[in-house]
Amino acid sequence: MLAPIFILSTLGLVLGVLLGVASRFFAVEGNEVASELAAMMPGTNCGQCGLAGCTAAAEALVAGSAPANVCPGGGASLAQAIAEKLGITFDAGAAGDYSPKIADVQEDICIGCARCMKNCPTDAIVGASKQIHGVLHQACTGCGVCVSDCPTGAISLRPLPQSLQEWNWAAPSFA
C-alpha cells in the first residue's frame, strides 16, 4: 500500500520540479512600460477602446498606435496620467468628452426584443424577452454595444452620476 503512494508522490515531485525549471527556461519577458500602463487602467477589459482589453490597449499605447485617451472608462484623468507616463502632450479640452458613461433604457420606447441583453459583455442589462429591460449601473461599463444593437433607439449613454465614492469638489472658476 505504501509503494503506490511513494511512487505517485515522487512522480508528482519530479514533474513539479521539471515544470518549474521549464517555466523559468521558456519564460517570455514583457514590456515593463506596457505592464505599468495596464496597471493604471481600470482593468475591466470592457472593450470601449475597440481593443481586446486593457493589456492590448497598453501595448498599443507603447507602440504609438493609440492616443493617450484610448480608455474612455478612465476619463481625462487617466489620459493625462498616461500622457505623463509616456512623455507625450495631451490636451484634454481638444480631446472631447471622455467622461465615464453608463447605459440608460427609455422604458416608453423599449419593445423587449432582448438583443441588447444578449450582446452585453458584462451582463449589465436585466429583463426578459417581451418585457422592458433595465440596466445594473454597477455592472455597466458604458461600452455602447447595447446602443448599437437596439432597433428602436431606446438605449442611450449618459454620464455616470456622481456617487459618494467618486465625488470630488469641482475646482473654483475665477472668471
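The values are calculated or read from the model by the stated rules, or taken from the named source; none is laboratory data. Values in this document were obtained by computation on a predicted structure and should not be read as measured data. Glycine also receives a Cβ, built like all others from the backbone with ideal geometry; neighbour counts cover every protein chain displayed.
Quick notes
- Residues of region 113-146 classified as assigned to a loop (DSSP other than H, G, I, E, B) and either small (Gly, Ala, Ser) or in contact with a Pro (Cβ under 9 Å, 6 or more places away or on another chain) (or both), total: 12
- Restricting Gly43, Gly30 to those that are in a loop (DSSP other than H, G, I, E, B), out of contact with any His (no Cβ under 6 Å at 6 or more places or on another chain) and at positive phi reduces the list to Gly43.
- Count - residues of region 1-46 that are of a type in the set (S, T, N, Q) and under 22 Å from Gly74 (Cα atoms): 4
- The single condition among (1) surrounded by 19 or more Cβ atoms within 10 Å (Cβ to Cβ); (2) modelled with pLDDT under 85; (3) aliphatic (A, V, I, L, M) that Ala95 does not meet is (1).
- Qualifying positions in region 118-144 - surrounded by fewer than 19 Cβ atoms within 10 Å (Cβ to Cβ), of a type in the set (A, V, I, L, M, F, W, C) and touching a residue at least 24 places away in the same chain (Cβ under 8 Å): Ile132
- For Ala3, the conditions (1) in a helix (DSSP H, G or I); (2) within 28 Å of Asp123 (Cα to Cα) are fulfilled apart from (2).
- Complete set of residues in region 20-36 that are modelled with pLDDT of 85 or more and either exposed (fewer than 10 other Cβ atoms within 10 Å of the Cβ) or in contact with a Ser or Thr (Cβ under 9 Å, 6 or more places away or on another chain) (or both): Ser23, Arg24, Phe25, Phe26, Ala27, Glu32, Ala34, Ser35
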